[in-house]
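Here's the structure we're looking at; comments come further down.
The values are calculated or read from the model by the stated rules, or taken from the named source; none is laboratory data. Predicted model, so just to flag it, every value in this text is computed and none were measured. Please note: Cβ atoms are built from the backbone with ideal geometry, for glycine as well, and neighbour counts cover all protein chains shown.
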Amino acid sequence: MFGLDAANISGAVRFVSSLFELDSIQQGTVVGCALLGVIVALLFTGTLCERFGRAKVLLGIGFAYSLSSILSATAVNYEMLIVGRFIGGVAFASITVSAMYIGEIAPPESRGKFVSVNQFMIGLGLLLAFIINYFLIKSMPSISWIDNTNVWRVMLGAELIANAVWVALLLRIPESPRWLISKHRDEEAKEVFKVIAHEDQVDSLVADVKQSLQKEDKLDTAKQLKELFSKRMRFVVFIAVCYAIVQGATGMNAVLFFAPMVFEQVGMSVEDTFLQTIATGAVGLAATLIAIGFVEKLGRRILTIAGLILVVLSHGATWMGFNQASYTFDDKAIAAIEVQLQEQGIDVAKIQPFVGQTFDTDVELKKALAANFDNKEFPLVSGLVINETISGVNAALVLFGIFGFLAAFNLSIGPIMWVLFSEIFPNSVRSVALPFAALVQTISSWSIQQFFPWQLNNLGVSTIFLIYAGLGLAGLIVMWFALPETKGKTIEAIELELAKA
């Protein structure tokens, strides 16, 4: 559901921006307000999980996704869309709660694979949304009732079908046995353990959890937060915060939520940009499958280090590919642009002042276009102008960089972060620690996607990816020296190793 929600807004943002005449900051807010919803949700997710259990909270999140989709798809103005997207952001807490839930039911020897499936399902949702969006764009000329003003409504509403299936499946999952034991419901916990572990392990698993719980006083949310930031937890919090910042700040949400806009900078048509998003979804899904196969063999540390190296190289390649691009309005380009402007119902006279001009950067080009075209026209015009005027860009290098980054992220820091978060925090603080770590990651991700449209217009695409490469390099250095290996260890054993008095 997170994947569907993230990908369908990437396809819708161009048409929403035109219909509601949004500027670059408002475009960022349409996407970024969802993560503001996450921030709000994370403030009380831990408390709800402790009070009602992981399974019931996930079910509530499922209904929040449905409400978000309905409000977003039927939005009559910018403000209503923001409310719908914000509620969807509250539902994004599903990532945290599901990681918590999976980490508590999965056996130690395969916990990494189980938690990585979380990322796989996100990737599957992305791919499905990209495919749906592409075929909606491709079919617009042949379906009379779908056009630029309403295609985004179909994109945002389509996830209701998948959400109904998800809610139905959530009704069948058992509660976390560790949560049940913490509530003194041992017999129910044993029944769950009989399903998810060998029967001869049930008593020892219950004993291990009880022993872990007996070592701590039952802490309320305030006391858990105090414990989380105590001296003995300092190293664990440092690892989690650094990993969360690196995962969010290396640019995945820019590529994910603005995929058509990113490919537009290479000089692709609208239809081609949506086709390329399908390729990005397929690459991400394939990489996640590989990660699931290797997370227990190679471990969390090796995959993280290797992934960050590839992140830096990939962003460097994207920067090099865009760095020499220029934009020339020759007679051929002007003629092609005029034809497409007429099809869009935009005054062709507005392009005449550009005849014979050359722009050395995409920033200069977009500033000039913004001066001639209003906020309703600019989202529809900028892509086709870039497509017809661009030269000097190394498209192969750019595509290698983007796809390389997608592979690196989904092989390593994408799924591995949630594996680590489900492992490194002790039972005593887990219900607040995972939401806290997710909050850090969310703020990091929000800063990327909120300002990406503005950065694209004011810094330029090559500079943006150079910044992402620098952030990835900083993360690589920190992880090289600080990140421990946790594969094959019980949560209780990891606690003894990392959370020292």
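Summary of values
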item: Cross-chain or 6+ apart pairs with Cβ under 8 Å, region 40-54 first and touching a residue at least 40 places away in the same chain (Cβ under 8 Å), then of a type in the set (Gly, Ala, Ser) and not in a helix (DSSP H, G or I); result: 41/93; 42/93; 45/93; 53/176; 54/176
item: Yes/no for residue 460 being assigned by TED's automatic domain parsing to the domain that holds residue 426, within 17 Å of residue 247 (Cα to Cα) and not hydrophobic (A, V, I, L, M, F, W, C); result: no
item: Residue ranges of helices (runs of 4 or more DSSP H) in region 244-311 with at least 3 members at pLDDT 85 or above; result: 270-294
item: Qualifying positions in region 78-115 - in contact with a Phe, Trp or Tyr (Cβ under 7 Å, 6 or more places away or on another chain) and polar (S, T, N, Q); result: 94
item: Failed item in (1) at pLDDT below 85; (2) outside the structural domain of residue 242 (by TED's automatic domain parsing), with residue 428 passing the rest; result: (2)
item: Top-ranked residue in region 288-320 [being buried (at least 24 other Cβ atoms within 10 Å of the Cβ) and within 28 Å of residue 12 (Cα to Cα); ranked as nearest to the chain's Cα centre (by Cα)]; result: 288
item: Residue list for region 349-367, filter: surrounded by 17 or more Cβ atoms within 10 Å (Cβ to Cβ) and not charged (D, E, K, R); result: 351, 354, 359, 361, 363, 365
item: Search result, residues across region 346-391 that are closer than 19 Å to residue 22 by Cβ and not in a helix (DSSP H, G or I); result: 346, 373, 374, 375, 376, 377
item: Residue in region 392-406 that is surrounded by fewer than 20 Cβ atoms within 10 Å (Cβ to Cβ), in contact (Cβ under 8 Å) with a residue 24 or more places away in the chain and not in a helix (DSSP H, G or I) present; result: yes
item: Residue list for region 26-42, filter: farther than 16 Å from residue 13 by Cβ and either surrounded by fewer than 24 Cβ atoms within 10 Å (Cβ to Cβ) or under 15 Å from the mean Cα position of the chain (by Cα) (or both); result: 36, 37, 38, 39, 40
item: Among (1) among the aliphatic types (A, V, I, L, M); (2) closer than 30 Å to residue 242 by Cα; (3) touching a Lys or Arg at 6+ places or on another chain (Cβ under 9 Å), the one test that residue 275 misses; result: (2)
item: Extreme residue, farthest from residue 175 (Cα to Cα), among residues of region 22-64 that are among the aromatic types (Phe, Trp, Tyr) and modelled with pLDDT of 90 or more; result: 63
item: Selection count, region 127-146, where residues are polar (S, T, N, Q) and surrounded by 13 or more Cβ atoms within 10 Å (Cβ to Cβ); result: 1
item: Test: residue in region 323-344 that is at pLDDT 90 or above, surrounded by 21 or more Cβ atoms within 10 Å (Cβ to Cβ) and within 26 Å of the chain's Cα centre (by Cα); result: no
item: Boolean, residue 378 is aromatic (Phe, Trp, Tyr) and within 30 Å of residue 334 (Cα to Cα); result: yes
item: Verdict on residue 421 being at pLDDT 90 or above, surrounded by 18 or more Cβ atoms within 10 Å (Cβ to Cβ) and not in a strand (DSSP E or B); result: no
item: Every residue from region 74-105 that is part of a loop (DSSP other than H, G, I, E, B) and buried (at least 21 other Cβ atoms within 10 Å of the Cβ); result: 75, 92, 93
item: Residue in region 179-193 that is under 14 Å from residue 426 (Cα atoms) and either without any contact (Cβ under 8 Å) to a residue 24 or more places away in the chain or not in a helix (DSSP H, G or I) (or both) present; result: no
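Every residue, every condition in (1) within 30 Å of residue 354 (Cα to Cα); (2) in contact (Cβ under 8 Å) with a residue 24 or more places away in the chain; (3) among the small types (Gly, Ala, Ser), yes or no:
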{"site": "390", "(1), (2), (3)": "yes, yes, no"}
{"site": "419", "(1), (2), (3)": "no, yes, no"}
{"site": "429", "(1), (2), (3)": "no, yes, no"}
{"site": "437", "(1), (2), (3)": "no, yes, yes"}
